[in-house]
Amino acid sequence: MTLKKYDELSMDIKECILPVLKPYFDQITFLNRNKWLMLIYYANKSIFESFETYEFDLSKQEEAFEEKKIKLFMDGVLLYYIHAYDHIELIGNGIEASNN
């Protein structure tokens with residue numbers, strides 16, 4: 001299975017993704033998914049979500065990742081990159097961008 005690039009997404013999905021997060025969509029892959037976190041708002045709560053999936057069927061893991069990635073980008077407001085040595089970097093700040 002080939003994972004979708006940002007340009008291949010439907011217009012409905014693209015419209016839901018904050019402009020500040022769009023450049024990072026293609027950077028998050030199945031192989032590096034454990035290095036990223038997204039902050040989403042759900043039911044008046046802030047929740048950190050990883051891009052990890054818990055699909056045990058190996059043939060469906062990439063498909064589950066793609067679905068989760070699209071969902072997180074549609075709901076996400078902050079994107080973080082996890083560096084190797086106890087350092088988490090804020091990459092995309094949708095909160096700040098929406099306040100301007």
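Throughout, read-outs are computed from the coordinates displayed, never taken from laboratory work. Remember, predicted model here, so these are calculated numbers, not experimental data. Virtual Cβ from ideal backbone geometry, glycine too; neighbours counted across all protein chains shown.
Quick notes
- Unmet criterion (only one of (1) touching a residue at least 24 places away in the same chain (Cβ under 8 Å); (2) loosely packed, with under 12 Cβ neighbours inside 10 Å) for TYR41: (2)
- Screening segment 64-91 for residues that are among the β-branched types (Val, Ile, Thr) and in a strand (DSSP E or B) and picking the one that is farthest from ASN34 (Cα to Cα) gives VAL77.
- Of the residues making up segment 9-41, those that are under 12 Å from the mean Cα position of the chain (by Cα), farther than 13 Å from LYS71 by Cβ and assigned to a helix (DSSP H, G or I) are LYS22, PRO23, TYR24, ASP26, GLN27, ARG33, ASN34, LYS35.
- When TYR85 is tested against (1) aromatic (Phe, Trp, Tyr); (2) surrounded by fewer than 17 Cβ atoms within 10 Å (Cβ to Cβ); (3) closer than 19 Å to LEU3 by Cβ, just one condition goes unmet, and that condition is (3).
- Segment 42-63: number of residues that are closer than 17 Å to TYR6 by Cα and assigned to a helix (DSSP H, G or I): 2
- Candidates SER50, SER46, filtered to the one that is in contact with a strand residue (DSSP E or B) (Cβ under 7 Å, 6 or more places away or on another chain) and touching a residue at least 12 places away in the same chain (Cβ under 8 Å): SER50
- Taking segment 53-70 as the range and being touching a residue at least 24 places away in the same chain (Cβ under 8 Å), of a type outside the set (Phe, Trp, Tyr) and farther than 20 Å from LEU90 by Cα as the test, the residues that pass are GLN61, GLU62, GLU63, GLU66.
- Failed condition for PHE73, given (1) over 10 Å from the mean Cα position of the chain (by Cα); (2) surrounded by 15 or more Cβ atoms within 10 Å (Cβ to Cβ); (3) closer than 18 Å to LEU90 by Cα: (1)
- Residue in segment 29-42 that is of a type in the set (Ser, Thr, Tyr), farther than 25 Å from SER10 by Cβ and out of contact with any helix residue (DSSP H, G or I) (no Cβ under 8 Å at 6 or more places or on another chain) present: no
- When LEU79, LEU21, LEU72, LEU90 are screened for being more than 17 Å from TYR6 (Cα to Cα) and not polar (S, T, N, Q), only LEU90 passes.
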